[in-house]
Each structure stands twice: as C-alpha cells, then as structure tokens.
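Everything on this sheet refers to the single structure shown next.
The values are calculated or read from the model by the stated rules, or taken from the named source; none is laboratory data. Predicted, not measured: the structure shown is a model, and the values here were computed from it. Positions of Cβ are generated from backbone atoms using ideal geometry, with glycine treated the same way; all protein chains shown enter the neighbour counts.
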Amino acid sequence: MKRHRLASSRATTRALAQQPALFGEIRQPTTNYLLIPGVSSESRDYIPIGFLRPNVIASNLVNVVPGATLYHFGVLSSAMHMAWVRQVCGRLESRFRYSNQIVYNNFPWPPAPRRAAVERVAEAAQAVLDARQECGDGRHGYLPVRRGQAAASLADLYDPLVMPLPLVKAHAALNRAVDRCYRRPAFHSDRERVEFLFALYEAIVRSRGG
C-alpha cells in the first residue's frame, strides 16, 4: 500500500503513504443511517433497507443515507418507492441494481407533507422495524429474538413466499401512510404510482428551469 500511494500522481495520496495501514478516506456515517443494498433480488416486494447506528460499518457494496429519520426509512421502504425502483433502476442480470444517482437522487419525495402525515409515516416505519424484531431481525446476521424462536435474516424475512404476516401487515400500513403524503385519493396499482411519480418529477424539473 505504501508503494502504491507513493506512485500516485496525487499529492494527497502520496502524503498518505506515511500511514499506509490507515484508510485514505473515512466515509462511515457518524449518525444513524439507512443502508440500501447495491443489489437486491427482483422477486422481493421491498428492498430490505437497514436502519442502523454508526457503529455498524457499511461496506462498499451498499448505499448509505446519513442522518436518516424514521420518515426517510418509511418512504424508502414503501410501495411508492419500490414502484419507482422497478422503473428506473439498473439491473445485474435480472436483480435490482440500486444507484444513488439514478434511483435515489431522482426520486420525487412528497413535496410538502403535513406534519401529521410525516408522523404517521414515522409511526408506521417504526411498526415495520418492530415487526422485523418480532419475527427475527437479521440486521447483523442471525439474531434470535427469544428462546425457542427461530432466528431469521433480512433475506428470510423479505422472501416473498414466506414473508411473515406481521411484517406484511406492517408494510401495508406503511404504504397507506406514504401514499397519503402524496395525495388523498388512494393508489390502486403500481402503475398509478409510477404515472403520478413521473408527473411529479416532470413538474419538479420544470420548476427548476429544466
């Protein structure tokens, strides 16, 4: 590593050769953050997003959203966001390839949600986390919840064939709360959600002179 850094054309990289055992850049969040897998199975109804403390180290295979709240977790864990993902994300073979620039940065968030609507999303998001814990939250591998209960990973919990009913119901409630942040009438399909999101995206672009 020392030789590699000394051979760099960047002065800052050459200076780091004095400490070859240390990372050149520290990008680990210092606050709670969302962890979004870079690649996730297309068969899942939801990408299993983690809501983690800064002591959990994020690898280079994930996207992170520092300083996130339950509201942010809720919106990104919703059917609305997943409808957007399915339309705009890249693919690795057939799997979702989540990009911070294409998927996240272009996602039209609710433009002006009322405080009560934000609070409902946060409450529903907490219910999703609670349901994960009840069913065997796998944020850090395999974690037994209570004696005699089988542990489960997030991959297990979000397998569409065996997704636990409490988690299914929690996500359904979250979907309703997030949908209401966008409009009062209910969405009846992902097609409606996608059409609404693209219309909102176009309006945002026009408002910025695009």
**OP:** Considering (1) surrounded by 17 or more Cβ atoms within 10 Å (Cβ to Cβ); (2) in a loop (DSSP other than H, G, I, E, B); (3) modelled with pLDDT under 90, say which one Met163 fails and leave the rest.
**Re:** (3)
Subject >> Condition check for Pro48: within 21 Å of Arg120 (Cα to Cα) and either crowded, with 20+ Cβ neighbours inside 10 Å or at pLDDT below 95 (or both) >> reply: yes
Subject >> Unique match (being modelled with pLDDT of 95 or more, assigned to a helix (DSSP H, G or I) and either closer than 15 Å to Ala79 by Cβ or of a type in the set (Gly, Ala, Ser) (or both)) among Ala172, Ala155 >> reply: Ala172
**OP:** Answer with yes or no whether Ala17 is in a helix (DSSP H, G or I), over 23 Å from Ser94 (Cβ atoms) and in contact (Cβ under 8 Å) with a residue 12 or more places away in the chain.
**Re:** yes
Original post:
Condition test on Gln101, is it exposed (fewer than 15 other Cβ atoms within 10 Å of the Cβ) and either at positive phi or part of a helix (DSSP H, G or I) (or both)?
Top reply: yes
Original post:
Which members of the stretch 66-91 meet the condition of being modelled with pLDDT of 95 or more and among the aliphatic types (A, V, I, L, M)?
Top reply: Leu70, Val75, Leu76, Ala79, Met80, Met82, Ala83, Val85, Val88
Subject >> Given (1) farther than 22 Å from Arg180 by Cβ; (2) without any contact (Cβ under 8 Å) to a residue 60 or more places away in the chain; (3) in contact with a strand residue (DSSP E or B) (Cβ under 7 Å, 6 or more places away or on another chain), number of the condition His72 does not satisfy >> reply: (1)
